[in-house]
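Reading through the structure tokens given below for one structure.
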Amino acid sequence: MGLIEKISNENAGLHPVLVKDSWQVTKMNYSQEYMVDKVDSLIINVNQGLAISLLSGKAVLIIRKLDENEPTLEAITMVRGTSYLIPENVGYNLIMEKGSQLIGVEGSSTHSEVGRRIPLTNREVEILKKM
């Protein structure tokens with residue numbers, strides 16, 4: 001191995017590709033779990049934020065603040081070349097088109113600490129399917 005380490009992962013789903021003491025880089029490749037018909041919950045990274053960027057394809061970032069009396073979903077169509085910071089304790093999920101790829105940076109223990117999941121309401125699921 002030379003001075004520069006090349007890392008890639010083309011497998012479907014989310015994969016940590018570089019893990020250091022306090023942070024990790026994750027690669028998210030399209031898989032069926034990111035289809036609009038499969039999204040039924042939001043992920044909450046407790047005490048850890050997440051920065052993600054779209055590498056290729058099309059993706060929509062779904063977020064919901066948890067401390068609101070009337071929580072509402074917000075859908076953000078991701079743009080290549082733009083990074084999105086999801087603060088800690090905010091519910092989020094992704095909808096991705098086949099072939100899409102994202103890269104993320106987060107705390108090194110984010111996925112080993114098992115972030116919480118909260119279910120979407122039937123109304124929220126129907127709203128997502130209409131987008």
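A short reminder: the numbers here are calculations on the coordinates, not readings from a lab. Nothing here was measured: the structure is a model prediction, and the numbers come from that model. Every residue, glycine as well, gets a Cβ built from its backbone with ideal geometry; the counts of neighbours run over all protein chains shown.
Numerical summary
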quantity	calculated
FRET efficiency for Asn47 and Arg80, using Cβ-Cβ distance with R0 set to 30 Å, rounded to 0.05	0.55
27 Å Cα cut-off, lysine pairs counted over the stretch 15-130 (separation 8 or more, or different chains)	17
Separation in nanometres of the label points that stand 7 Å from Cα toward Cβ, at Arg117 and Trp23	2.8
For Cα extents along the principal axes in Å, calculated from these coordinates, the label among [x] 50, 45, 22; [y] 51, 35, 27; [z] 53, 31, 23	[z]
